[in-house]
Amino acid sequence: MSDPQLWLAGAEIGCFFALVALSIYLVVVGASFFNFAAGPYAMAAGLLAGYASAQWGVPVIAGAALGVVAAVAISLVTDIVVVRPVQRRSGGAELPALVAVTATLFAIQQLAGTIFGRTPVSVANLLPLPDFHLGPVSVQGTTATIILVTAVVLVATVVWLRSTTTGQLLRAVGDNHDAARMIGVNVTRVRWWAFGLSGAIAGIAGVVFAAKSGAQFTSGLSWTLTGFLALVVGGTGKPWAPLAGGLALGWVQVFGSFYFGATGSSIAIFLVALVFFAFRPEGLFQRKVRV
């Protein structure tokens, strides 16, 4: 475990896990709901970015912007068309909405396969960063992009949540939905912010990671699972908790794969998740609810 190249590889994939986990976290905080469609949002953004560049000849940044906008739109539609109507009909029960959003996950994947094809789509790196060496470590431009973008998105999200009125309202609604409504907070608008930003962050995650691994219509489910597990490990107590969970899972995956093979890596990740589910379901950082 002394090879710095492996630590870098774990940090790279851990940053992607963290971005997907952060996307899920925002909806948990702002709407008290686990949005399992975050992975397909990322997948759709990556596919559209690559398709737009390859088929329409648009610049990389423009293709990425299209992908992120599409992810935001799909996220908002998920809430307006699927989640809220189901919650309203079920009296606010969470299970029916979870089942409905899981069905939405598979619907997005199949629709993406129909539109963009069922073969992997390559995506250009969002930032024109060259490969370079940092001491004995070889750093690819895509790796540097993923880590840099994750840092910027995470810092911006933390600042927004803590320093802006909208961010503070989002946290207040998540802490006590009924109390926020009673004091005149526009809960619906705050909920739109939660789902919209969740879609934007998922879209960014998909665009930057697809430049490393490519994107295909089946990626959404696995990306959702790893993002959710990262949130389970990190917890919802702090806005940077998804990063802690994502990095932990990233290193478990890389070192598990290095020592035990691909199967061992998957087993290690789910064993870690099982331990947290059983003994620390609140994650590393527990959320404190104000009443």
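A short reminder: the numbers here are calculations on the coordinates, not readings from a lab. Here the structure is a predicted model, which means the values were calculated and not measured. When we count neighbours, we look across all protein chains shown, and the Cβ atoms used for this are built from the backbone with ideal geometry, even at glycine.
Of the peptides 143-156, 5-18, the ranking by mean beta-carbon count within 10 Å, highest at the top, reads 5-18, 143-156.
Which order do Tyr51, Tyr41, Tyr25, Tyr259 fall in if you start with the one that has the fewest other Cβ atoms within 10 Å?
Fewest-to-most Cβ neighbours within 10 Å comes out as Tyr259, Tyr51, Tyr25, Tyr41.
Using the alpha-carbon atoms, what tilt in degrees (0 to 90, nearest 10) does helix 187-213 show relative to the longest principal axis of the chain? In the chain, helix 187-213 runs at an angle near 10 degrees to the longest axis.
Specify the residue with the greatest mean-square fluctuation among Ser219, Ser257, Ser23, computed from a Gaussian network of the chain linking alpha-carbon atoms under 10 Å apart. Largest GNM mean-square fluctuation: Ser257. Over the Cα atoms of the chain, what is the Rg over Rh ratio if Rh follows Kirkwood? Reported Rg/Rh, Kirkwood definition of Rh: 0.97.
For the peptides 59-71, 232-244, residues were scored by their other Cβ atoms within 10 Å and the scores averaged per peptide; the highest-first order is 232-244, 59-71. Extension gain for Thr164 to Gln286 (0.36 nm times residue separation, less C-alpha to C-alpha distance): 41.6 nm.
At what distance in angstrom do the alpha carbon centres of the range 183-198 and the range 1-52 lie from each other? If we compute the Cα centre of each part, the gap is 22 Å. Between Leu47, Leu247, Leu274, the residue with the greatest mean-square fluctuation in the GNM of the chain (Cα pairs under 10 Å linked by springs) is Leu274. Treating the range 149-212 as a set of equal point scatterers at the Cα positions, no solvent, please give the Debye-formula log₁₀ I(q)/I(0) at q = 0.23 Å⁻¹. For the range 149-212, the Cα-only Debye profile gives -0.94.
Does the range 66-222 come out rounded, prolate or oblate by the C-alpha gyration tensor, with a ≥ b ≥ c the root eigenvalues, rounded set by a/c under 1.5 and, if not, prolate when a/b is larger than b/c and oblate if not? Oblate, since a/c reaches 1.5 and b/c is not below a/b. Once both labels are positioned 7 Å from their Cα atoms along Cα-to-Cβ, the gap between Thr119 and Ser266 label points is 2.5 nm. Across the chain, C-alpha contacts under 8 Å between residues 6 or more apart give a mean separation that, scaled by the residue count, equals a relative contact order of 35 percent.
Relative to the dominant Cα principal axis of the chain, helix 94-116 is inclined by about 40°.
Debye-formula intensities of the range 1-56, expressed as log10 I(q)/I(0) at q = 0.13, 0.23 Å⁻¹, are -0.51, -0.88 (one equal scatterer per alpha-carbon, no solvent). Between Val187, Val139, Val81, the residue with the greatest mean-square fluctuation in the GNM of the chain (Cα pairs under 10 Å linked by springs) is Val81. In degrees from 0 to 90, rounded to the nearest 10, what is the angle of the helix 141-163 Cα long axis to the longest principal axis of the chain? For 141-163 against the chain, the angle is about 20 degrees.
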